[in-house]
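Participant: First the structure, then my questions, so here it is.
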Amino acid sequence: MDRDPTAKLTWTVTLIPDVDDANFGDIDRTAFHYGRTHNEIDENSVPLPLSTGLRHVLKESEMVEQALESGFVVEMCSAPQDRDEGWFCFPLAMIGKDEDRIPFTIERGVYVDEESPSSVEMIHTNPCCPSKLPPTVWVRTVELPGHTLAWVLDSGLLATGDGVQTSLHDFFDIGSTPEQVEPTNTLPLPGPPDRPYGFL
């Protein structure tokens, strides 16, 4: 019997807050460095804000403060997982193709949480292979393992710049702030890998 070896594979992405981001401290706006491995975090120079789905999972898991303080790991699985263990079910709602990456076409899927109107985007990470975006993905957030936290602290990602930028808001109470628009370019999750990997 031919079985898909990735059917029950769990894969991860590590996220570290961008402490120099002007919106740092607001989980709805803070940008995060991200990567499946430490090399991807080193090479990825554009931190992005979290999707509504990841923010929902963090809030329900009571991990917002920890996420903003040191970062977190997103675990994903294509096999059914137990909600009591912190897993959230996201069925695939829509799939599209990124035609801008010719000669490779990259599939992108939008997954919507079963419990809320929040969603995550997932991208197929290997355009040379047929798409493996699962019809449903289970997502949970966990704290950084000790060895990953040690790497993050050593990397300097959590160190702020020398200068402190201030704004008029720091000195004056100018009334209520205008309602902020939801970020449009949010952090996508990687699809299932072709082979297992480790952060370090």
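The values are calculated or read from the model by the stated rules, or taken from the named source; none is laboratory data. Fair warning: this is a prediction, and the values are worked out from it, not measured in the lab. Cβ: placed from backbone, ideal geometry, glycine included. Neighbour counts: every protein chain shown.
Participant: Of the residues that make up region 85-102, is at least one within 29 Å of D154 (Cβ to Cβ) and either modelled with pLDDT under 95 or touching a helix residue (DSSP H, G or I) at 6+ places or on another chain (Cβ under 9 Å) (or both)?
Facilitator: Yes, that holds for at least one residue.
Participant: Going through region 79-97 one residue at a time, which ones are over 17 Å from S119 (Cβ atoms) and touching a Lys or Arg at 6+ places or on another chain (Cβ under 9 Å)?
Facilitator: Those that are over 17 Å from S119 (Cβ atoms) and touching a Lys or Arg at 6+ places or on another chain (Cβ under 9 Å): A79, Q81, E85, G86, K97.
Participant: What's the number of the only condition in (1) part of a helix (DSSP H, G or I); (2) surrounded by fewer than 13 Cβ atoms within 10 Å (Cβ to Cβ); (3) free of Cβ contacts under 8 Å to residues at least 24 places away in the same chain that M94 fails to meet?
Facilitator: Going through (1) part of a helix (DSSP H, G or I); (2) surrounded by fewer than 13 Cβ atoms within 10 Å (Cβ to Cβ); (3) free of Cβ contacts under 8 Å to residues at least 24 places away in the same chain one by one, M94 breaks only (1).
Participant: Now for a separate question. Here are some residues: D194, D173, D154, D162. Which one is assigned to a loop (DSSP other than H, G, I, E, B) and modelled with pLDDT of 55 or more?
Facilitator: Among D194, D173, D154, D162, only D194 is assigned to a loop (DSSP other than H, G, I, E, B) and modelled with pLDDT of 55 or more.
Participant: Please find, within region 36-50, the residue that is nearest to F199 (Cα to Cα) out of those that are part of a loop (DSSP other than H, G, I, E, B) and in contact with a Phe, Trp or Tyr (Cβ under 9 Å, 6 or more places away or on another chain).
Facilitator: Filtering first and then ranking leaves T37.
Participant: Can you find, within region 108-132, the residue that is surrounded by the fewest Cβ atoms within 10 Å (Cβ to Cβ) among those that are under 23 Å from L58 (Cα atoms) and of a type in the set (A, V, I, L, M, F, W, C)?
Facilitator: This residue is I123.
Residues checked against (1) at pLDDT below 95; (2) β-branched (V, I, T); (3) loosely packed, with under 14 Cβ neighbours inside 10 Å; (4) at negative phi:
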site: A7; (1), (2), (3), (4): yes, no, yes, yes
site: T12; (1), (2), (3), (4): no, yes, no, yes
site: I16; (1), (2), (3), (4): no, yes, no, yes
site: N23; (1), (2), (3), (4): yes, no, no, yes
site: S45; (1), (2), (3), (4): yes, no, yes, yes
site: L50; (1), (2), (3), (4): no, no, no, yes
site: G53; (1), (2), (3), (4): no, no, no, yes
site: K59; (1), (2), (3), (4): no, no, no, yes
site: C77; (1), (2), (3), (4): no, no, no, yes
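Participant: Within region 17-35, can you find the residues that are of a type outside the set (F, W, Y) and assigned to a loop (DSSP other than H, G, I, E, B)?
Facilitator: D18, V19, D20, D21, A22, N23, G25, D26, I27, D28, R29, T30
Participant: Would you tally the residues in region 56-81 being charged (D, E, K, R) and in contact with a strand residue (DSSP E or B) (Cβ under 9 Å, 6 or more places away or on another chain)?
Facilitator: Adding up the residues that qualify gives 3.
Participant: State all residues of region 20-40 that are touching a helix residue (DSSP H, G or I) at 6+ places or on another chain (Cβ under 8 Å) and over 18 Å from Q66 (Cβ atoms); if no residue qualifies, say none.
Facilitator: Result: G35, H38.
Participant: I would also like to ask the following. So is R36 touching an Asp or Glu at 6+ places or on another chain (Cβ under 8 Å) and among the charged types (D, E, K, R) or not? Explain how you work it out, then say what you get.
Facilitator: Working: touching an Asp or Glu at 6+ places or on another chain (Cβ under 8 Å): no; among the charged types (D, E, K, R): yes.
In short, no.
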